[in-house]
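Below: one structure, written as structure tokens.
The values are calculated or read from the model by the stated rules, or taken from the named source; none is laboratory data. Computed from a predicted model, the values in this text were never measured in an experiment. Virtual Cβ from ideal backbone geometry, glycine too; neighbours counted across all protein chains shown.
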Amino acid sequence: MKRYTLHTLFSLLLVVAALGTVQAQQPGINIEAIAKDRDNNPAKDRRIYVRIDIVAASATNTPAFSEEHVTRTNEAGIFQVAVGKGIRQGGTYNSILDIPWRSLNYLVRIRVAIEPVINVINWNYQNEWIDLGTTPFGIVPYAGAALTADNVAQNAAVISINGGTTGLTPSTPTSGHVTLGGILNITNGGTGSSIKNFVDLSTTQSINGAKTLQQLLTASGGLHVLNNLSLTNNTTPLLLNGNSGNPGDILVSQGAGATPVWMNPRQISTIKSKNRSVLLSSAELYEITVNGLDNDDGISVVLEASATPNPIPSYYIVRDTVNNKIRVHFTAPFSGYVTWVIAE
């Protein structure tokens, strides 16, 4: 039975052949090699096992990542495998994307086992590894490390600055704050917060969609609402200078440069008193108390009969500004109601 060895095209193919793969959704780095026997004859159309170990240059024991492939050579004895897409056998990291490639000191070791043409009793590929040697990686895996930045989970897309090294200037802010001297552009997303998903850099902001503000909204430069403003789920949803008004109050403008105020509709219409008396029976006098009554107030009094055909007598009104009273005198006993409106 012939013994086979492999000659790899590492220096060129490890870098070039991987370029099309590193951008794929599933991470992989293509490696192409050729298997030849000791007589330098290609191992054509043979089933082979490939063991890949990625090791740190300074490591001597546990590899960073190990996997195995089962593949077949072509008619020229050439085979291809994609590092990262095999069956993981161990290592410090679960995926090649987890490897900290930024350290720039990782090597790849390749071993193969070539399956015999005829059935050999007790043949086990694990006992037939041929070590092809160890060589440094090219530039591809380090470029591929950028792939992890494109695949950050949505719920992890948060920049957290809490003291320590930030990678910005200043690099170690004592309070965890960073001052931006230029413009910070954030597009197609936000800050990663469910309620602060926009950045205010003192420029006009366009915010689409419904927003829920769970904290106090302070608009120092004013608040302009183009459509509807809905205030719900709060006992005091709208405060003006800390005042929510009383039931039935409405907002009244105080003109430009002044804050609107809550007012009772009676205050707006300058009505001092408006009411209807209880049922009177054979009354000769009825008094109406009006706070702040003065000589300029308008008085309107109407008598209502309690039943028909009860007659309504004549009456006259006396304005008592000293005691804040209006006295209605009937020329004959009156049974019915007195209705009045006193306006300023």
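Just a few scattered comments:
- Top-ranked residue in segment 52-104 [being more than 44 Å from the chain's Cα centre (by Cα) and buried (at least 20 other Cβ atoms within 10 Å of the Cβ); ranked as farthest from residue 118 (Cα to Cα)]: 79
- Residue match in segment 254-277 (condition: over 21 Å from residue 342 (Cβ atoms) and at pLDDT 90 or above): no
- Here the condition is being among the polar types (S, T, N, Q) and either within 24 Å of residue 32 (Cβ to Cβ) or modelled with pLDDT of 85 or more (or both); of 151, 155, 61, 127, it holds for 127 alone.
- Within segment 294-344, the residues that satisfy the criterion of being of a type in the set (Phe, Trp, Tyr) and either outside any strand (DSSP E or B) or surrounded by 15 or more Cβ atoms within 10 Å (Cβ to Cβ) (or both) are 315, 330, 334, 337, 340.
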